[in-house]
1. What pairs can you find where one residue is in segment 242-255 and over 24 Å from residue 206 (Cβ atoms) and assigned by TED's automatic domain parsing to the domain that holds residue 202, the other is among the basic types (Lys, Arg) and at pLDDT 95 or above, and their Cβ atoms are less than 8 Å apart, with a gap of 6+ or different chains?
2. Filter segment 55-86 for residues that are in a helix (DSSP H, G or I) and at pLDDT below 95; which is surrounded by the most Cβ atoms within 10 Å (Cβ to Cβ)?
3. Need pairs with beta-carbon distance below 8 Å; first residue in contact (Cβ under 8 Å) with a residue 60 or more places away in the chain and within segment 46-65, second part of a helix (DSSP H, G or I) and among the hydrophobic types (A, V, I, L, M, F, W, C); sequence gap 6+ or separate chains.
4. Between a residue in segment 1-29 that is free of Cβ contacts under 8 Å to residues at least 24 places away in the same chain and any residue that is of a type outside the set (A, V, I, L, M, F, W, C) and in a helix (DSSP H, G or I), which pairs come within a Cβ distance under 9 Å, given they are 6 or more apart or on different chains?
5. Starting from residues that are buried (at least 20 other Cβ atoms within 10 Å of the Cβ) and of a type in the set (A, V, I, L, M), keep the ones in segment 125-149 and report whichever is nearest to residue 245 (Cα to Cα).
6. What is the one condition in (1) among the hydroxyl-bearing types (Ser, Thr, Tyr); (2) crowded, with 17+ Cβ neighbours inside 10 Å; (3) touching a residue at least 60 places away in the same chain (Cβ under 8 Å) that residue 161 does not satisfy?
7. Mind listing whichever residues of segment 26-48 are surrounded by fewer than 19 Cβ atoms within 10 Å (Cβ to Cβ) and either under 23 Å from residue 78 (Cα atoms) or of a type in the set (Ser, Thr, Tyr) (or both)?
8. Any chance segment 219-234 includes a residue that's assigned to a helix (DSSP H, G or I) and either of a type in the set (Val, Ile, Thr) or touching a residue at least 60 places away in the same chain (Cβ under 8 Å) (or both)?
Amino acid sequence: MMHPLIEALAPAVREAGRLIERVRAAGVVARDKADSSPVTVADEQAEVLLAAAIRQLEPEALIVGEEASAAGHKPDPAARFWLIDPLDGTRDFVRGGPDYSVNVALIESGVPVLGLVLAPRDGTLWAGAAGSGAFRERDGRRAPIAARPLGTAPVVVTSRSHLDDATRAYAASIANAQTRPSGSSLKFCLLAEGSADVYPRFGPTSEWDTAAGDAVLRAAGGLTHHPDRRPFGYGKPEFLNGAFLALGDPSAIARLPALG
């Protein structure tokens with residue numbers, strides 16, 4: 001039995017995905033936020049929908065959403081809080097690409113313990129919770145997923161929009177590695193389902209970009225690390241992430257190059 005919060009929130013996550021696709025079909029109009037990143041009505045309306053769904057379950061929930069934060073509503077982290085990225089990969093969405101996602105995560109004591117990630121374009125949902133495992137649901141069929149052991153030809157997933165020289169160099173330093181570009185938090189899901197092995201990230205991200213995918217990965221047996229190889233934590237100042245390394249096989253950390 002999957003976690004009851006996942007079952008309760010999955011319909012809202014799917015409705016957010018349908019909303020996003022309706023906006024795409026009608027024609028996407030983007031504008032720049034203060035940090036020069038793009039935002040659309042799909043981002044804003046999906047966040048309102050998701051926050052309302054969480055508050056219906058937990059009226060006093062502390063919710064940190066990307067668009068609310070951009071508008072200046074950024075609460076202090078707490079022992080238990082929710083992170084929402086209603087449309088991760090907005091740039092790809094605006095360009096007409098498929099690599100964008102809806103993300104909802106629950107953080108407890110700095111650990112992502114529950115996450116849902118939806119790819120609106122094809123309707124695939126990945127979800128997982130600590131102690132409950134993880135699954136992928138596609139075309140109405142749900143199947144459990146698990147990260148795989150690191151093999152002799154690791155697959156390294158890299159950002160499609162933010163690929164930098166440090167990431168290229170890191171991938172090249174892994175013997176026999178193949179690279180696979182992907183967008184948004186879908187990279188974590190590839191690790192969680194056993195389709196890839198390593199996801200290095202050097203550039204800055206926000207916690208709402210990573211938390212849901214990280215939660216699914218951990219529920220599937222993987223882990224995300226700080227560069228010093230400590231497990232990656234949440235509730236950092238301004239909800240900003242530094243560099244990290246996500247792995248399907250946590251035991252492989254000692255066999256892989258350090259991020260530096």
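1. Every condition considered, the pairs that remain are 249/148.
2. From segment 55-86, those in a helix (DSSP H, G or I) are 55-57, 66-70; that's our starting set.
Retained after the next criterion (residues that are at pLDDT below 95): 66-70.
Numbers: 66: 26, 67: 21, 68: 18, 69: 19, 70: 18.
Looking at residues that are in a helix (DSSP H, G or I) and at pLDDT below 95, I get 66.
3. Going by the 8 Å Cβ cut-off, the qualifying pairs are 64/208; 64/239; 65/50; 65/51; 65/208.
4. 23/45
5. My answer is 147.
6. Against the list (1) among the hydroxyl-bearing types (Ser, Thr, Tyr); (2) crowded, with 17+ Cβ neighbours inside 10 Å; (3) touching a residue at least 60 places away in the same chain (Cβ under 8 Å), residue 161 comes up short only on (2).
7. Correct list: 36, 37, 48.
8. yes
The values are calculated or read from the model by the stated rules, or taken from the named source; none is laboratory data. If you're wondering where the values come from, they're calculated on a predicted model, not measured in any experiment. Using ideal geometry, Cβ is built from the backbone for each residue, glycine included, and neighbour counts are taken over all protein chains shown.
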